[in-house]
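Read the figures in this text as sums done on the coordinates, not as results from a lab. It should be emphasised that the depicted structure is a prediction, and the values quoted were computed from it without experimental measurement. Glycine gets a Cβ as well: all are built from the backbone with ideal geometry, and neighbour counts include every protein chain shown.
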Amino acid sequence: MHTVIILAHPYEKSFNYGVLNAMKEALISNDESYDIIDLVGDKFDPVMRANDLAVYNKGEAFDPMVKLYQEKISNANKLILLFPIWWGGMPAVMKGFIDKVLLKNFSFKIEKGRVVGTLDFLSRTLIVTTSSRSNDLLINKWGDPIGTTLVKSTLEVVGIENYEWINFDNISKSKLEERKEFLDLIKDKVVG
């Protein structure tokens with residue numbers, strides 16, 4: 001098994017990095033290989049520019065990082081998206097990754113006027129998030145932004161069916177023991 005972890009967080013002392021370290025530890029313990037796509041560390045430009053749009057419908061990109069990221073995902077069995085929920089959604093760098101990397105002829109094709117996802121080779125996808133808001137508020141008051149925008153409108157469209165969203169909510173009020181329990185949960189989920 002080979003896992004690709006896509007990280008969208010700018011601060012190395014954040015809990016998200018603690019989660020990343022727990023993931024790496026679990027994968028190493030299970031003798032699984034992995035790659036990390038660190039969007040902020042790579043200085044990935046999430047902005048869709050005019051030259052990107054000029055070739056978008058051809059499934060091409062000007063940003064050389066796009067091809068590199070596509071190759072990494074193509075060699076994966078599992079995919080993990082790791083990011084904080086800010087203002088009810090994903091950070092701009094993660095949204096830009098989706099916009100610029102999940103291109104036609106890589107993540108989908110058009111057959112008889114219909115979009116057909118091509119990332120169905122991924123056996124499992126985890127979406128791991130942290131938020132200062134409760135899961136109840138995110139889902140029931142804010143309309144489930146991860147479940148709708150990311151899962152239904154993106155992952156399912158590109159052929160990803162085996163997915164799970166795990167959110168560590170109320171992070172700003174959390175206790176050390178709760179964080180440790182979450183890290184243990186993540187270790188199990190990553191290799192499970």
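Taking the Cα centre of the chain as the origin, how large is its charge dipole in debye, to the nearest 20, when only Lys and Arg (+1) and Asp and Glu (-1) carry charge on their Cβ atoms?
460
Express in nm, to one decimal, how much length is gained between SER123 and GLU164 on full extension, taking 0.36 nm for each residue of separation and deducting their alpha carbon distance.
On the way: separation 41, 0.36 × 41 = 14.76 nm, distance 1.17 nm.
Result for the pair: 13.6 nm of gain on full extension.
Using only Cα positions of segment 1-52, each an equal point scatterer, no hydration layer, compute I(q)/I(0) via Debye at q = 0.16, 0.24 Å⁻¹ and quote the log10 values to two decimals.
Per q value, in the given order, log10 I(q)/I(0) is -0.55, -0.93.
So what's the projected area for segment 1-94, the Cα convex hull averaged over all directions, in nm²?
Convex hull of Cα atoms, orientation-averaged projection: 6.9 nm².
How big is the antiparallel share of DSSP beta bridges in segment 2-191, given as a percent to the nearest 5?
If I count the DSSP bridges inside segment 2-191, around 15 percent turn out antiparallel.
For the chain, what's the relative contact order in percent, using C-alpha pairs closer than 8 Å and at least 6 residues apart?
26
Projecting each Cα onto the charge dipole of the chain (Lys/Arg +1, Asp/Glu -1 at the beta carbon, about the Cα centre), which of MET48, ILE186, ILE98 comes out farthest on the positive side?
Farthest along the dipole direction, towards plus: MET48.
Hey, what angle do you get for helix 92-101 against the long axis of the chain, alpha-carbon based, 0 to 90 degrees rounded to 10?
Compared with the principal axis, the helix lies near 40 degrees.
Would you compute, for the Cα atoms of segment 44-145, the largest minus smallest coordinate along each principal axis and list the three values in descending order, in whole Å?
Extents along the principal axes, in whole Å: 40, 32, 28.
Pop a pseudo-label 7 angstrom from the Cα along the beta-carbon direction at both LYS175 and HIS2 and give the gap in nm to one decimal.
Rounded to a tenth, the inter-label distance reads 4.4 nm.
Report, ordered by chain and residue number, the lysines lying within cross-link reach of LYS189, taken as a straight Cα distance under 27 Å and ignoring same-chain residues fewer than 8 apart.
LYS189 reaches LYS13, LYS24, LYS72, LYS78, LYS95, LYS152, LYS173, LYS175, LYS180.
How much length, in nm to one decimal, is gained on full extension between PHE62 and TYR11, taken as 0.36 nm per residue of separation minus their Cα-Cα distance? The partial results should precede the final answer.
Working: separation 51, 0.36 × 51 = 18.36 nm, distance 2.77 nm.
Once the chain is fully extended between PHE62 and TYR11, it gains 15.6 nm.
So which trypsin sites (Lys or Arg not before Pro) in segment 132-192 end up in coil per DSSP with only 15 or fewer other C-beta atoms within 10 Å?
The qualifying sites are LYS175.
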